[in-house]
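Here's the structure we're looking at; comments come further down.
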């Protein structure tokens, strides 16, 4: 999720400089590539895509993450600490290692000191949930089927992770690694654009029912009904941000202004800074004081309620809650609306919990993170060429179609 940082360390593998190249793709014009998304917010807590990587290509499940730049896969280099994933660990070849002198290695370590004459480009990335990956940068083929029917196999740089620390110790991980979609040069959208495979535009549509789709390129960007906001710089990192926002509960201002907001698919839930969270929670509890819901401690999340009987769906309970809205000050009343179903979780026991948590307590200071739960059934487009972020409510379940407007 947002707030990830990179450092470096060693791995006992020799190197050979790999030149970035596109195999089997005509350079006349960029197209788009679409990938089905799997997973959900609850109970899996992750949305991911399947990508075929290497030569010969092998499948890997990657957690889609707009909050970090570096993609990485658990790899046998040999592996020091890895979890059992959906697929066998990636096996690097001697000719896939990137040199420290490579421009992507320099971009990865931007702002930090490193030896440009070292034998390999090491990385050490840490996440806010206390997870981490330690490894070395490699480059290998990614298989993409484009909307112009061409198959592209660009050589992309990513992390060969041989030492992972996982936030939750599961007997088997849901994914093999992370797909970095951030704003940096080492992110997948940036690399695809630099090689002329797609424009530096991508988007996602996460379904509340599970699944959805991810696309690279501009072919699927709707030509109408999109709300657009200029991308804004966030002092604490290079994240996707529509800028500062004021917070509303229904039509009522919560008195919270100039919230620093970022969009982060690497975060399952949304997080408000302490002031914003307390104002939001106070408004919710005030509205529910005369409703037939009883607050109680559920192991799923910090703030939960039960009804007179178990809820079977969010439809049974969402009318007790009001929508939230973020009013961004960068544009002319640019709103991002969060209906109750985009901040509530229905647990397996039929209770309802808030999927917006206290970010300050989670170590995010006053950064406000809009995570997967609040991005469900919204098509979000990150246009790095025009430096803008767009969104529109959409039915994200089902196959994506190349189109210029939504039905």
Worksheet item: Does at least one position in the stretch 250-264 carry a residue that is surrounded by fewer than 21 Cβ atoms within 10 Å (Cβ to Cβ), part of a loop (DSSP other than H, G, I, E, B) and under 23 Å from the mean Cα position of the chain (by Cα)?
Response: no
Worksheet, complete the sentence: Within the stretch 332-342, residues part of a loop (DSSP other than H, G, I, E, B) and surrounded by 21 or more Cβ atoms within 10 Å (Cβ to Cβ) come out as none
Worksheet, complete the sentence: Note on the stretch 274-309: residues within 32 Å of the chain's Cα centre (by Cα) and assigned to a loop (DSSP other than H, G, I, E, B) are 297, 298, 299, 300, 301, 302, 303
Practice prompt. Kindly indicate which of 291, 309 is touching a helix residue (DSSP H, G or I) at 6+ places or on another chain (Cβ under 8 Å) and over 25 Å from residue 45 (Cα atoms).
Written response: 291
Worksheet item: Looking only at strands (runs of 3 or more DSSP E) that fall completely inside the stretch 161-240, which ones have 1 or more residues that are crowded, with 23+ Cβ neighbours inside 10 Å?
Response: 177-180, 201-206, 212-216
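Condition check ((1) closer than 24 Å to residue 365 by Cα; (2) crowded, with 16+ Cβ neighbours inside 10 Å; (3) in contact (Cβ under 8 Å) with a residue 40 or more places away in the chain) across all residues:
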| site | (1), (2), (3) |
| --- | --- |
| 289 | no, no, no |
| 305 | no, yes, yes |
| 314 | no, yes, no |
| 318 | no, yes, no |
Worksheet entry | Where residue 404 falls short, out of the listed (1) at pLDDT below 95; (2) touching a helix residue (DSSP H, G or I) at 6+ places or on another chain (Cβ under 7 Å) | (2)
Worksheet item: Of all residues in the stretch 265-287, how many are buried (at least 18 other Cβ atoms within 10 Å of the Cβ) and over 30 Å from residue 238 (Cβ atoms)?
Response: 2
Worksheet, complete the sentence: Scanning the stretch 137-160 residue by residue, those in contact with a helix residue (DSSP H, G or I) (Cβ under 8 Å, 6 or more places away or on another chain) and either outside any strand (DSSP E or B) or modelled with pLDDT under 90 (or both) turn out to be none
Worksheet item: When residue 205 is evaluated against the numbered criteria (1) touching a helix residue (DSSP H, G or I) at 6+ places or on another chain (Cβ under 6 Å); (2) touching a residue at least 40 places away in the same chain (Cβ under 8 Å), which criterion, by number, is the only one it fails?
Response: (1)
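The values are calculated or read from the model by the stated rules, or taken from the named source; none is laboratory data. In this text the structure is predicted, and so the values were computed from the model without any measurement. All Cβ positions, glycine included, derive from the backbone under ideal geometry; neighbour counts span all protein chains shown.
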